[in-house]
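The values are calculated or read from the model by the stated rules, or taken from the named source; none is laboratory data. If you're wondering where the values come from, they're calculated on a predicted model, not measured in any experiment. Cβ sites come from the backbone with ideal geometry, for glycine too, and all protein chains shown count toward neighbours. Calculation scope for accessible area: heavy atoms of the full protein, side chains included, ligands and nucleic acids excluded. Shrake-Rupley method; radii C 1.70, N 1.55, O 1.52, S 1.80 Å.
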Amino acid sequence: PQARGEELCNLVGTWRILQRAGSHRWTTDDLVTAWVASVTHQQQNEGGNKNEVLNYLDLGTGNGSVLQMVTWALLKDGYRHTK
């Protein structure tokens, strides 16, 4: 359910994010940052153990969209455990 002043927006895949209209929103910058993090991880960990727990941190991106997009990419890539 949406409250007044909120919008339900597509994030990645089938994931959606509830954002305040006219406030901080996920942007192309967030998308590119998540893409770079995901590609860098894939390049540095090819053939790695996909059952290991991955720890990563999202600093200063406002609504956490970068962390959500990186999580989505890791889960899509076959990783099972993330923090």
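Observations on the structure shown:
- Qualifying residues in the range 15-51 (those that are β-branched (Val, Ile, Thr) and touching a helix residue (DSSP H, G or I) at 6+ places or on another chain (Cβ under 8 Å)) - the one nearest to Val70 (Cα to Cα): Thr33
- Where Arg25 falls short, out of the listed (1) closer than 23 Å to Arg80 by Cα; (2) open to solvent by 60 Å² or more (accessible area, probe 1.4 Å): (1)
- Qualifying positions in the range 64-83 - buried (at least 18 other Cβ atoms within 10 Å of the Cβ), without any contact (Cβ under 8 Å) to a residue 60 or more places away in the chain and under 11 Å from the mean Cα position of the chain (by Cα): Ser65, Val66, Leu67, Gln68, Met69, Val70, Thr71, Leu74
- Yes/no for Gly48 being without any contact (Cβ under 8 Å) to a residue 24 or more places away in the chain, part of a loop (DSSP other than H, G, I, E, B) and open to solvent by less than 80 Å² (accessible area, probe 1.4 Å): yes
- Residues being closer than 22 Å to Leu8 by Cβ and open to solvent by 80 Å² or more (accessible area, probe 1.4 Å) - total across the range 32-45: 0
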